[in-house]
Each structure stands twice: as structure tokens, then as C-alpha cells.
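Read the structure below first, then the notes.
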Amino acid sequence: MTSVIRIGICDDDALVRRLLANTISHAADMEVVAVCDTGEDAVALDEPIDLWLMDLRLPGMSGRRVSEILTKRVPKPKVLLLTAFGDDRVADTLEAGASGYLLKDSRPENLIAAIRAVAAGFSVSTVEAMRSALGAAAATRQVQLPDDLDPLDRRIVHEILRGAAYGEIAQLVNMSESGLKKRVSALMRRMGVKSRPELMAHLQQPRNR
């Protein structure tokens, strides 16, 4: 018997809450067990929840802070952060324990796939969300790449920051997709991160010279 993913929704927009709940209602392996409109209400709930769909920008307690609190609990729920626009705090949200970052207007099938992936222990993000977020970050600070990157790694990093898919990057640098992924994995290990969203966030952090 397939276990059901117990989901909490926290968003201050009633329409968004309804749309999310309606999307989830069509998935046989998911159930919405809690709905709230503030981070304070989410923190106060004692309902067993496997995964929270959390608005990044909430009135009062922010989605980042709520994520930080919830993911320190035992058992630890997963958190998938949602935003309606670009935001330059990707690094903060990932460091706060969130497992993903999606735009609120993501297609229903993409949202369902993201929930299943996060529930299974993966970190996820749509390319559109990262492009939007990193576009906002670029307006406030300039990316400084690590000094020891060779020309190929610099080209790969540039394309990752642009939000390009692995297949597209592999063609641009004349590598197989599997070879590219191995190279990116090595780059992640060097920088102490475990996922592409974390790598992108790490590269966006300002560095002291």
C-alpha cells in the first residue's frame, strides 16, 4: 500500500491556498491536512505533516523563519517554498532547511512532481524559479567566481547561473550530458553543496577579497 504524503499549505492569499489544495486533491498519494495563512499559525500547529508548501513572503513571520523552525522538529517535515516573483534570498532559504524553490504559477503537474521528489528526499527547483530569483540577485550584487576555476568550469558555471538545462550546457561545451553531470558533481563537492540549487545559491553569495 502506497503511503500518503500529508501536506500543509501556508500562504496569505486565499486564492493560492484554494488552487494548491485543488491541485493536490487530484493526486491519490497526497492529502492536505492543514491550511493556514500565517507563519505563526503554521508553527503553532501540532498536526503531523510530511511536507509544507510555504509562501516565502508571509506577513509577520517570514517563510524562511518558519522553514527554519519547522525543519528542526522531530519528526522533521520537508518544506517547499513558493514565490510569485524573483527573490534574491535563495541562499538564505536553502540554509534555513527548505528542500526546494518554485514559482507559484508552476504547472500543476510540475508542482505534483516537485512534492513527490521533495518527499522522497531530493532538493528541487524549476529553472524558471532560479532564473527569476537569480535575476533579482544580479540587480543587487555581482557574482564573483572562485579563483581556482579553469576556463571550462567557468563556462559551465556561467550557464548554470543563466538557468540553462544540463542537456543545453552539454551541447554548448561539447560534452556528454553524463560527463557534464559528473563534472558539476565534482564542483559541488569542492564547494560543499549537495544540489544544483544550493550550488547556484552558493555562487551568488558575496565573497570577501
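The values are calculated or read from the model by the stated rules, or taken from the named source; none is laboratory data. Here the structure is a predicted model, which means the values were calculated and not measured. Note that each Cβ is placed from the backbone with ideal geometry, even for glycine, and that neighbours are counted across all protein chains shown. Heads up: the accessible areas ignore ligands, DNA and RNA and are worked out on the full protein's heavy atoms, side chains in. Shrake-Rupley method; radii C 1.70, N 1.55, O 1.52, S 1.80 Å.
Scanning the stretch 167-185 for residues being under 18 Å from residue 124 (Cβ atoms) and either open to solvent by 50 Å² or more (accessible area, probe 1.4 Å) or out of contact with any Leu (no Cβ under 8 Å at 6 or more places or on another chain) (or both) gives a total of 3. Summed over the stretch 28-62, residues that are outside any loop (DSSP other than H, G, I, E, B) and of a type in the set (Asp, Glu) total 4.
Pairs meeting the criteria (first residue in the stretch 47-65 and of a type in the set (D, E, K, R), second residue open to solvent by 70 Å² or more (accessible area, probe 1.4 Å) and not in a loop (DSSP other than H, G, I, E, B), beta carbons under 7 Å, at least 6 apart or on different chains) are 50/6. If you check 89, 57 for being more than 25 Å from residue 4 (Cα to Cα), modelled with pLDDT under 90 and crowded, with 19+ Cβ neighbours inside 10 Å, only one passes: 89.
Scanning the stretch 58-81 for residues that are out of contact with any strand residue (DSSP E or B) (no Cβ under 7 Å at 6 or more places or on another chain) and charged (D, E, K, R) turns up 64, 65, 68, 72, 73, 76.
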